[in-house]
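Reading through the structure tokens given below for one structure.
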Amino acid sequence: MDSYQITRLGQHGDGIAEGPIYVPGALPGETVTGDLIGDRLQNVRIATPSENRVKPPCPHSKSCGGCQLQHASDAFVASWKRDVVRQALAAQGIAIDVPEPITSPPQSRRRASFSARRTKKGALAGFHMKASDTITSVPNCELVHPDLAAALPMVEALAVVGASRKGELSVLVTLTQSGLDVSVTGGKEMDVALHQALADMAREYDLARIAWDGEIALQRRAPVLDLGPAQVCPPPGAFLQATLEGEAALIGAVRQALIKPKTVLDLFAGCGTFALPMAQIAPVHAVEGDLGMMQALDHAWRNAQGLKRVTHEVRDLFRNPLIPEELNRFEAVVIDPPRAGAAAQIAELPKSTVSQIAHVSCNPATFARDTATLIHAGYDLEWVQVVDQFRWSTHVELVALLRRRT
Ligand SMILES: C[S@@+](CC[C@H](N)C(=O)[O-])C[C@H]1O[C@@H](n2cnc3c(N)ncnc32)[C@H](O)[C@@H]1O
């Protein structure tokens, strides 16, 4: 049987041998054998294991598709994530040292997107198996907060009352300070009987809120989250940072980047993850494409004590970025775009007088592209910090400081 030498780890966590041949579950430095089907090795056997190989901490790791890198040591994953950022920047001609990531602990994810369907015996809830439509139950999940793992029976009960006979429910469960916030899509159409069943369930499982297909079906308590001294009640399904520890690390890095700014502009502001804590220091203008999130931010600011003024604006920053005359009102900018990056807005920044930019990114490739634009136009990249809220995954997040060259 042919053997293959793994030379690197791919974007989706597969080992890659020359070819390229993709080898699920393999790590760089390992020699493996298996059956080559197309460009993928199947029935993989690890002939020479890497010193970075560890026993996966989770009992579900073989079958569950929730994590990709449980078989790799924390030190290996941290060093790989640093390299992903270093290499993305190097591809744009930018050389910088990337320090150790700040990694969230196991069982810290405060939000999980479970799948659930009805079965002959009742219902099954969990995550999809690797590369499969099949759902696997994950009662001892090492990734999510124990209160989310404990919610699986509730998710199954939702499928019993709300899934069609063959359909699959997608159930986003968020742990908030006032209990679980549940947002369901893919279920039956809402009617009186379903509404009554959901009300009974919300009481039985003490849920804060249930949304059905994006609409709030019932709310027993507002699901709130602390952001600085403010309490935000996000709209159903709204973007949130994945762990409390990750959120604190990102806010800490943004605070470290922007030293005593007189005015702050928060672009792609969401519900105010950065705007509300930064408003303890300076007045903030928050800009975001989603009206519901801006309303949540405004409501939180109006009900908080001790914050400077926070204004907000709903705006599509891809089509209609802030122009230099608008940017000149601000000394410092926080920018946290989606994976596509912020090419249109980044192009406007160097034409303004903005002196400090805290760039938060969930995509090293678009971050490096946008950073190259800023460097060519007169900013220095002072530091980059990887913040890993997605342990055991290939997802990479970071904060960087860019300062205008004097
Ligand atoms: C990575 S999230 C960051 C949100 C926020 N900074 C936080 O940390 O919670 C990106 C945000 O960009 C918003 N967004 C996506 N496309 C947009 C666009 N074209 N214009 C303005 N906002 C957009 C999303 O709604 C989302 O809130």
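The values are calculated or read from the model by the stated rules, or taken from the named source; none is laboratory data. As the structure is a computational prediction, the values presented were derived from the model and not from experiment. Don't worry about glycine lacking a Cβ; one is built from the backbone with ideal geometry, like all the others, and counts go over all protein chains shown. Side chains included, ligands, DNA and RNA excluded: accessible areas come from the protein's heavy atoms. Shrake-Rupley method; radii C 1.70, N 1.55, O 1.52, S 1.80 Å.
Scan region 299-310 for residues that are in a loop (DSSP other than H, G, I, E, B) and surrounded by fewer than 16 Cβ atoms within 10 Å (Cβ to Cβ) and the total you get is 5. Being in contact with a Leu (Cβ under 8 Å, 6 or more places away or on another chain) and closer than 30 Å to C141 by Cα, is that true of even one residue in region 311-328? No, there is no match, as no residue in region 311-328 is in contact with a Leu (Cβ under 8 Å, 6 or more places away or on another chain) and closer than 30 Å to C141 by Cα. Selection over region 124-141 of residues that are crowded, with 20+ Cβ neighbours inside 10 Å, over 22 Å from F239 (Cα atoms) and at pLDDT 90 or above gives a count of 3. Can you tell me how many residues in region 22-47 are open to solvent by 20 Å² or more (accessible area, probe 1.4 Å) and assigned to a strand (DSSP E or B)? So the answer is 13. Comparison of P28, P24 shows that the only residue that is over 26 Å from T136 (Cβ atoms), in contact with a Gly (Cβ under 8 Å, 6 or more places away or on another chain) and not hydroxyl-bearing (S, T, Y) is P28.
Okay, residues lined up against (1) part of a strand (DSSP E or B); (2) more than 12 Å from the ligand (Cβ to nearest atom); (3) open to solvent by 70 Å² or more (accessible area, probe 1.4 Å); (4) modelled with pLDDT under 95:
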| residue | (1), (2), (3), (4) |
| --- | --- |
| A269 | no, no, no, no |
| L297 | no, no, no, no |
| E313 | yes, no, no, no |
| P321 | no, no, no, no |
| I346 | no, yes, no, no |
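Set side by side, the residues R339, R369, R391 differ, and just one is closer than 23 Å to R82 by Cβ, basic (K, R), surrounded by 23 or more Cβ atoms within 10 Å (Cβ to Cβ) and in contact (Cβ under 8 Å) with a residue 12 or more places away in the chain, which is R391. Whether a residue is closer than 24 Å to P321 by Cα and either open to solvent by 10 Å² or more (accessible area, probe 1.4 Å) or more than 10 Å from the ligand (Cβ to nearest atom) (or both) was assessed, and T263 passes this test.
Pairs linking a residue in region 351-362 that is under 11 Å from A332 (Cβ atoms) to a residue that is open to solvent by less than 10 Å² (accessible area, probe 1.4 Å) and β-branched (V, I, T), with Cβ atoms under 6 Å and 6 or more positions apart or on different chains, are V354/V333; I357/V333; A358/V254; A358/V334. When residues in region 221-235 are screened for being open to solvent by 40 Å² or more (accessible area, probe 1.4 Å) and under 15 Å from S178 (Cβ atoms), 5 of them pass.
Checking region 318-340 against the condition returns no match, with no residue being over 25 Å from the mean Cα position of the chain (by Cα) and at positive phi.
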